[in-house]
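The values are calculated or read from the model by the stated rules, or taken from the named source; none is laboratory data. Just so you know, these numbers come straight off a predicted model, no measurement behind them. Because the Cβ atoms are built from the backbone with ideal geometry, glycine has one as well, and the counts that use them run over all protein chains shown. Side chains included, ligands, DNA and RNA excluded: accessible areas come from the protein's heavy atoms. Shrake-Rupley method; radii C 1.70, N 1.55, O 1.52, S 1.80 Å.
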Amino acid sequence: MADSSPIFTNFTSGELSPRLNGRIDMDKYYNGASTISNFVVLMHGGLTKRPGTRFIREIKTSSGSNSGARLVPFVFSKTQAYVLEFGHNYIRFYKDEGIIVSSGTTPYEIATTYTAAQLDELEFVQSADILYIVHGSHEPAKLSRTGHTAWTLTDVDFKDGPYTAVNGTSTTFSSSATTGSVTITASSSVFTANDVGRWIRMKAPDEWGAAEITGYTSGTQVTASVHADFPIENASTTTKDWRLGAFYIGNYPTKATFYEERLIYANTDSHPNTVWGSVSGDFDTFSPSGADATIADSDGLNFTLSSDQVNQITGMYGGKYLHLFTKNGTFNMSSGSATQGLSPTTVQVINETNDGAADKKVIPASKSTLYIGKNKKRLREFAYNIDYDSYTSPDMTVLSEHLGFGNFEEAYFANYPNNVVWVRRGDGKLLGFTYYRNQDVTAWHQHTIAGTNAKVKSIATIPGVNDAYDTVYMIVERTINSATKQYVEFLEEEYREADGHTKDDAFFLDSGLSYSGGSTTSISGLDHLEGETVTVLNNGAVESTKTVSSGAITLTNATTKCHVGLAYDAELESVNVEPKSQYGTTQGKRGRIDKCIFRVFETVGLKAGPTSTSVDVVPFRTTTSTMSATTPKTGDYTFLMPASYTTENKLYVKSDTPHPCTISAIMIQMSTYD
């Protein structure tokens, strides 16, 4: 029999795929786990129990026709950050962990034309107090803010463009006049009723004039309003030099971003692989040249990706380069010069990789840009790789590929405190991905939100109150009292005594609310949990469960501060322990874990054992301990494992009370028979 003492020093590989079970030849095996549920992997390597979610409000329509909503971040500054609830034909607004009201308790709301079925297809990009919104069936729009209850949604008033390529056919255009309202006549049928609002440019004969179509007469005739700065030079001239606007009814862009002081649009139905850039510094003007056909560096531009197949643009992000993500690969667009910006005459596009992207918003994270792979089962990193002297797109889920089943639908990066990318799956599962490249931390962990049939339907992150941390907002669907409900909730801040938290402040319940005040045994305001069995943390101690009736519960003991909500467990299951013994591998040999020493930080309550059905309490008391069972402990605590000999030596750890739990390391003593 051989004795060994392996140690889990960190969990920076995260939850590993079952396909890696036995890969003891891989260094990352020793920093991974078989299951990490409701624990967040810290940048420092340890695990901390995720905070609970705090209830704010039910969305406008939880069930039935046109139900559901989507959360969208709007960040003007660290003190002016909002989450927007987009629903069927409306927007509501949240700030500082609450909903903005117009009067009393009535939510402030504005009307939109976006339907419930279109919400997932909306794309957003923000400039200061303006949020640009695009959708293939709607004109690009601007949501402008002038105050907490002063928001305006208007269509973008495009000025001169953007345009498709100059006509290459024999069809000619002519105009009835040079200014004002004119009639444009084509020599063959080119117009449709969907062209109302579309731009026309025509050169007659030497200078370009521009007009916006205001009415449709026939396939050969429309009325239009001439641009004041681009009059049509000669009304009697017919010309083959004309071009039509790129955007029109049913053919609007679906992607938008900013790059080098230009607003960039991309991907219409007719031109899925084309980008259009505004005039520099003027986001609503897309003039491709002056009236005299002179092209300035600041003029609008358009570019179509060239490859052996149509590369539908699925995402964009403007950084040092304009990153373009397509169904079949990734591209970088720039001027090609370190001293000159992008212009109509200096466009360089490089196809960096052939790893396609899903039609989902990309995720800027630190120095990289993350994106969901085209099959929606992978998260890829798009970043410069000095070894290849080019951009690469490695798979960030290669060690945890099993977590991709259910499909990645939405992701946001929360920088502080733990550099976590929060990912929503299509099946309602919430995943976390701790991403800290400087220390080679790329760790996945999964999170089960408490409640019957609980599913996360949307997520968003914004700076928290006073910019103290990044806050994750979510819409959670549950069955409450036999009815489908969808609530806006947010993850509470991490428990840290250094931030002034005490045991009474610990918030580890979902859809929870808090009471603080005079001594009482009656807690009301719990209508959102009607009929549910809830857990109570009363002045830092756990009470017996209660059932909410008429929106209230009665406590067993009086309280001055308590938290009420739905309970959840945090769970860790280790990989098969491998001590790297001089006697060879322990894999497949009969052995047992005799003892574990848990190094914990600010932790209350921990259970451990060989399986999820065989756990005991880890004793935190010593002969010098105080009698308070709820005081968070920091230090090393020994646990004797109730395990028998087996060929699979795993450790199962659970935190099943609404208390903080942080595990820094686990030291193991085990015996193995050859």
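Laid out as a table, the results:
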{"item": "Residues of segment 410-458 satisfying the condition of being among the β-branched types (Val, Ile, Thr) and open to solvent by 30 Å² or more (accessible area, probe 1.4 Å)", "result": "THR448, THR452"}
{"item": "Some residue of segment 212-222 being outside any strand (DSSP E or B) and not charged (D, E, K, R)", "result": "yes"}
{"item": "Output for segment 565-577, where each listed residue is over 28 Å from the mean Cα position of the chain (by Cα) and either closer than 24 Å to GLY518 by Cα or in a loop (DSSP other than H, G, I, E, B) (or both)", "result": "VAL575, ASN576, VAL577"}
{"item": "Residues that are modelled with pLDDT of 95 or more and outside any strand (DSSP E or B), drawn from segment 420-450", "result": "GLY426, ASP427, GLY428, LYS429, THR448, ILE449, ALA450"}
{"item": "Residues that are of a type in the set (D, E, K, R) and either at pLDDT below 95 or open to solvent by 60 Å² or more (accessible area, probe 1.4 Å) (or both), drawn from segment 549-583", "result": "GLU578, LYS580"}
{"item": "Cross-chain or 6+ apart pairs with Cβ under 6 Å, segment 531-556 first and in contact (Cβ under 8 Å) with a residue 60 or more places away in the chain, then open to solvent by 30 Å² or more (accessible area, probe 1.4 Å) and among the hydrophobic types (A, V, I, L, M, F, W, C)", "result": "THR535/ALA567"}
{"item": "Contacts under 7 angstrom Cβ, first residue in segment 132-157 being closer than 16 Å to PHE283 by Cβ and part of a loop (DSSP other than H, G, I, E, B), partner open to solvent by 20 Å² or more (accessible area, probe 1.4 Å) and modelled with pLDDT of 95 or more, 6 or more apart", "result": "VAL156/GLU139; VAL156/LYS142; VAL156/ASP284; ASP157/ASP284"}
{"item": "Residues (open to solvent by less than 40 Å² (accessible area, probe 1.4 Å) and among the β-branched types (Val, Ile, Thr)) located in segment 62-79", "result": "VAL72"}
{"item": "Test result for THR294, open to solvent by 60 Å² or more (accessible area, probe 1.4 Å), assigned to a loop (DSSP other than H, G, I, E, B), at negative phi and not charged (D, E, K, R)", "result": "yes"}
{"item": "Positions within segment 51-61 being open to solvent by less than 40 Å² (accessible area, probe 1.4 Å), within 26 Å of PRO660 (Cα to Cα) and out of contact with any His (no Cβ under 6 Å at 6 or more places or on another chain), in sequence order", "result": "PRO51, GLY52, THR53, ILE56"}
{"item": "Selection from segment 449-478 of residues that are in contact with a Leu (Cβ under 8 Å, 6 or more places away or on another chain) and touching a residue at least 60 places away in the same chain (Cβ under 8 Å)", "result": "ILE449, ALA450, GLY451, SER458, ILE459, ALA460, THR471, VAL472, TYR473, MET474, ILE475"}
{"item": "Selection status of PRO619, of a type outside the set (D, E, K, R), part of a loop (DSSP other than H, G, I, E, B) and either surrounded by fewer than 22 Cβ atoms within 10 Å (Cβ to Cβ) or in contact (Cβ under 8 Å) with a residue 24 or more places away in the chain (or both)", "result": "yes"}
{"item": "Residue match in segment 4-13 (condition: assigned to a helix (DSSP H, G or I) and not small (Gly, Ala, Ser))", "result": "no"}
{"item": "The listed residue being surrounded by fewer than 21 Cβ atoms within 10 Å (Cβ to Cβ) and among the hydrophobic types (A, V, I, L, M, F, W, C), out of PHE258, PHE247", "result": "PHE258"}
{"item": "Output for segment 189-236, where each listed residue is under 40 Å from the mean Cα position of the chain (by Cα) and either open to solvent by 30 Å² or more (accessible area, probe 1.4 Å) or among the polar types (S, T, N, Q) (or both)", "result": "THR192, ALA193, ASN194, VAL196, GLY197, GLU212, THR214"}
{"item": "Some residue of segment 33-48 being open to solvent by less than 30 Å² (accessible area, probe 1.4 Å), part of a helix (DSSP H, G or I), under 30 Å from GLU530 (Cβ atoms) and in contact with a strand residue (DSSP E or B) (Cβ under 8 Å, 6 or more places away or on another chain)", "result": "no"}
{"item": "Subset of segment 459-470 that is over 24 Å from THR397 (Cα atoms) and of a type in the set (Val, Ile, Thr) - its residue that is surrounded by the most Cβ atoms within 10 Å (Cβ to Cβ)", "result": "ILE462"}
{"item": "The lone exception for VAL156 - which of (1) in contact with a Ser or Thr (Cβ under 6 Å, 6 or more places away or on another chain); (2) surrounded by 13 or more Cβ atoms within 10 Å (Cβ to Cβ) it fails", "result": "(1)"}
{"item": "Neighbours by Cβ (under 7 Å, 6+ apart or cross-chain): first from segment 496-525, small (Gly, Ala, Ser); second surrounded by 12 or more Cβ atoms within 10 Å (Cβ to Cβ) and assigned to a helix (DSSP H, G or I)", "result": "SER511/HIS528; SER511/LEU529"}
{"item": "Strands (runs of 3 or more DSSP E) wholly inside segment 343-409 containing at least 2 residues that are open to solvent by 80 Å² or more (accessible area, probe 1.4 Å) and over 21 Å from ILE459 (Cβ atoms)", "result": "none"}
{"item": "Subset of segment 638-674 [assigned to a strand (DSSP E or B) and either open to solvent by 30 Å² or more (accessible area, probe 1.4 Å) or closer than 25 Å to THR545 by Cβ (or both)]", "result": "THR638, LEU640, THR646, TYR652, VAL653, LYS654, SER655, SER664, MET667, GLN669"}
{"item": "Filter pass, THR239 being touching a Ser or Thr at 6+ places or on another chain (Cβ under 8 Å), open to solvent by less than 60 Å² (accessible area, probe 1.4 Å) and not hydrophobic (A, V, I, L, M, F, W, C)", "result": "yes"}
{"item": "Long-range neighbours under 9 Å by Cβ, at least six apart or interchain, first residue outside any loop (DSSP other than H, G, I, E, B) and of a type in the set (Lys, Arg) within segment 300-322, second modelled with pLDDT under 95 and open to solvent by less than 40 Å² (accessible area, probe 1.4 Å)", "result": "none"}
{"item": "Search result, residues across segment 543-594 that are basic (Lys, Arg) and over 21 Å from ASP527 (Cα atoms)", "result": "LYS580, LYS589, ARG590, ARG592"}
{"item": "Hits in segment 231-289 (condition: assigned to a loop (DSSP other than H, G, I, E, B), within 25 Å of TYR317 (Cα to Cα) and touching a helix residue (DSSP H, G or I) at 6+ places or on another chain (Cβ under 8 Å))", "result": "GLY250, THR254"}
